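The values are calculated or read from the model by the stated rules, or taken from the named source; none is laboratory data. Everything numeric in this text was worked out from a predicted model, so none of it was measured. Cβ sites come from the backbone with ideal geometry, for glycine too, and all protein chains shown count toward neighbours. Ligands, DNA and RNA are stripped out before the accessible areas are found, and what is left, the full protein with its side chains, is counted by its heavy atoms. Shrake-Rupley method; radii C 1.70, N 1.55, O 1.52, S 1.80 Å.
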Amino acid sequence: MPEILDQARTQVLGDGVGLDEAGVLAVLNLPDEHLPAALQLAHDVRMRWCGPEVEVEGIVSLKTGGCPEDCHFCSQSGLFTSPVRSVWLDIPSLVEAAKQTAKTGATEFCIVAAVRGPDDRLMKQMREGVAAIKAEVDIQVAASLGMLSQEQVDDLVDMGVHRYNHNLETCRSYFPNVVTTHSWEERWETLRMVRDSGMEVCCGGILGLGETVEQRAEFAAQLAELNPHEVPLNFLNPRPGTPLGDRPVVEGKDALRAIAAFRLAMPRTILRYAGGREITLGDLGTRDGLLGGINAVIVGNYLTTLGRPATADLDLLDELKMPVKALSATL
Amino acid sequence: MTTTELWCDRCGDPVPAGTAHPGCASARALEPPRYCHHCRRRMKVQVLPVGWSAVCVEHGEIRG
Ligand code: SF4
Ligand SMILES: [Zn+2]
Ligand SMILES: [Zn+2]
């Protein structure tokens, strides 16, 4: 057994204290033959510190495309030649999407907008939309609307949005290679306000943007410092027309190593499989991840791309004897 | 519009009627269409948790 896994067994599994940056790097550099042991340990850590439940979430795009920012992985930036056009979802369709999501047994419904930050029109849509969902659907509402002002944070709390997603996307040292229209620190500032408001913080990122293994470890350590309630892990799905459109996808074993390493850095967080898992890991990858530290999934489609049918994930959870986290348990 | 040449609904390049670009066809398993197959206009596409809709101003809405 490699020394880092022995150390993690005592420190992370035993004491619930996450690995530091050097420890995460050692896990990310483990040779293939030790990957099964790393995944097993990450799974044991998840079972001990989070339990067997899996949190199921659906997401929907309230405002798609036409974003003024230049995140190089994103097909929704209006600055690239991506074929994604700007479109708004109306409130009846938003409520219908929440109903469809709730039908899968999901307890979380995240409303997302492709914006730098919300304007008055978007905040008004949110207020109407969240109220309409709460009146008709039994589900918790989360939001992801970019960078916020303090007033907007307060408004979202007032609407009853219980969790806010704002991804740091990648480590601080690599961020300027991926985004030039705003800074990592500006994102951090929004996260700080969200945290102070009492909303749950959801913050993760995308692997495979061209960052080094060292920078992946740096990112895990920075997320651990933030200590978010939830960390969504995406793997780059290279989008036509974006600056990262020709990048290779993350190799399956590297993706699994990252899942184990991020779990060992953050033993108690909700670690969610988000976009790109189908491309990077195929159907089998969902199983491997759920047995390697993941304890939450996005079911159904993503914002601009499609996912596996929700039933495929739910059947798998059933087979793995991992109960879907119930609404009452999360309230 | 001719009946012998249409447009790939993923990349917008021409495709002979009744055929598809192999790479685009496999990618489409996990993506909605982006270009109108008939006229190559970029469509307004809304992805939903279950399904999607795509609208061409000229040729109307399709759903999947
Ligand atoms: S801010 Fe969000 S929607 Fe806009 S380009 Fe960046 S990732 Fe895409
Ligand atoms: Zn094509
Ligand atoms: Zn058309």
Single residue of segment A:214-250 satisfying the filter (modelled with pLDDT of 95 or more and charged (D, E, K, R)) that is most open to solvent (accessible area, probe 1.4 Å): A:ASP246
Where B:ASP9 falls short, out of the listed (1) modelled with pLDDT under 95; (2) in a loop (DSSP other than H, G, I, E, B): (1)
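Name the residues in segment A:52-76 that are among the acidic types (Asp, Glu) and either open to solvent by 20 Å² or more (accessible area, probe 1.4 Å) or within 7 Å of ligand 1 (Cβ to nearest atom) (or both), would you? Spell out the reasoning first.
Residues of segment A:52-76 that are among the acidic types (Asp, Glu), as a first pass: A:53, A:55, A:57, A:69-70.
If the condition is that a residue be among the acidic types (Asp, Glu) and either open to solvent by 20 Å² or more (accessible area, probe 1.4 Å) or within 7 Å of ligand 1 (Cβ to nearest atom) (or both), then A:GLU53, A:GLU69, A:ASP70 are the ones that fit.
With the requirement that a residue be assigned to a helix (DSSP H, G or I) and under 19 Å from A:LEU207 (Cβ atoms), what does segment A:1-21 give you? Explain how you work it out, then say what you get.
Taking segment A:1-21 and keeping what is assigned to a helix (DSSP H, G or I), we get A:3-14, A:21.
The answer is A:GLU21, and nothing else.
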Filter result (in a helix (DSSP H, G or I) and not basic (Lys, Arg)) within segment A:176-189: A:PRO176, A:ASN177, A:VAL178, A:TRP184, A:GLU185, A:GLU186, A:TRP188, A:GLU189
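Grab the strands (runs of 3 or more DSSP E) fully contained in segment A:190-294, keeping just those with 2 or more residues being over 30 Å from B:GLY12 (Cβ atoms) and touching a strand residue (DSSP E or B) at 6+ places or on another chain (Cβ under 6 Å).
On the way: elements: A:200-202, A:205-207, A:230-235, A:270-273.
Those strands (runs of 3 or more DSSP E) span A:200-202, A:230-235, A:270-273.
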All positions within segment A:251-264 that are open to solvent by 10 Å² or more (accessible area, probe 1.4 Å) and among the hydrophobic types (A, V, I, L, M, F, W, C): A:LEU256
Answer from A:SER149, A:SER75, A:SER86 - the residue that is within 16 Å of ligand 2 (Cβ to nearest atom) and either basic (Lys, Arg) or touching a Gly at 6+ places or on another chain (Cβ under 9 Å) (or both): A:SER75
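Test B:CYS11 against the stated conditions and say whether it is farther than 26 Å from A:ALA113 by Cβ, surrounded by 15 or more Cβ atoms within 10 Å (Cβ to Cβ) and in contact with a helix residue (DSSP H, G or I) (Cβ under 7 Å, 6 or more places away or on another chain). Working first, answer last.
Numbers: farther than 26 Å from A:ALA113 by Cβ: yes; surrounded by 15 or more Cβ atoms within 10 Å (Cβ to Cβ): yes; in contact with a helix residue (DSSP H, G or I) (Cβ under 7 Å, 6 or more places away or on another chain): yes.
Here the answer is yes, as B:CYS11 does meet what is asked.
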Hits in segment B:36-64 - residues which are within 11 Å of chain A (Cβ to nearest Cβ), touching a Gly at 6+ places or on another chain (Cβ under 9 Å) and under 28 Å from A:ASP283 (Cβ atoms): B:VAL45, B:LEU48, B:PRO49, B:VAL50, B:GLY51, B:TRP52, B:SER53, B:ALA54, B:GLY64
Top-ranked residue in segment B:14-24 [being more than 8 Å from ligand 2 (Cβ to nearest atom) and of a type outside the set (Val, Ile, Thr); ranked as most open to solvent (accessible area, probe 1.4 Å)]: B:PRO22
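Determine, yes or no, whether A:TRP88 is away from chain B (no Cβ under 14 Å) and open to solvent by 20 Å² or more (accessible area, probe 1.4 Å). Please lay out each step first, then the result.
Details: away from chain B (no Cβ under 14 Å): no; open to solvent by 20 Å² or more (accessible area, probe 1.4 Å): yes.
For A:TRP88, the condition - away from chain B (no Cβ under 14 Å) and open to solvent by 20 Å² or more (accessible area, probe 1.4 Å) - is not met.
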Selection within segment A:144-159 - touching a helix residue (DSSP H, G or I) at 6+ places or on another chain (Cβ under 6 Å) and not in a helix (DSSP H, G or I): A:MET147, A:LEU148
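In this structure, is A:GLU33 within 14 Å of chain B (Cβ to nearest Cβ), of a type in the set (D, E, K, R) and outside any loop (DSSP other than H, G, I, E, B)?
On the way: within 14 Å of chain B (Cβ to nearest Cβ): no; of a type in the set (D, E, K, R): yes; outside any loop (DSSP other than H, G, I, E, B): yes.
When the stated conditions are applied, A:GLU33 does not pass them.
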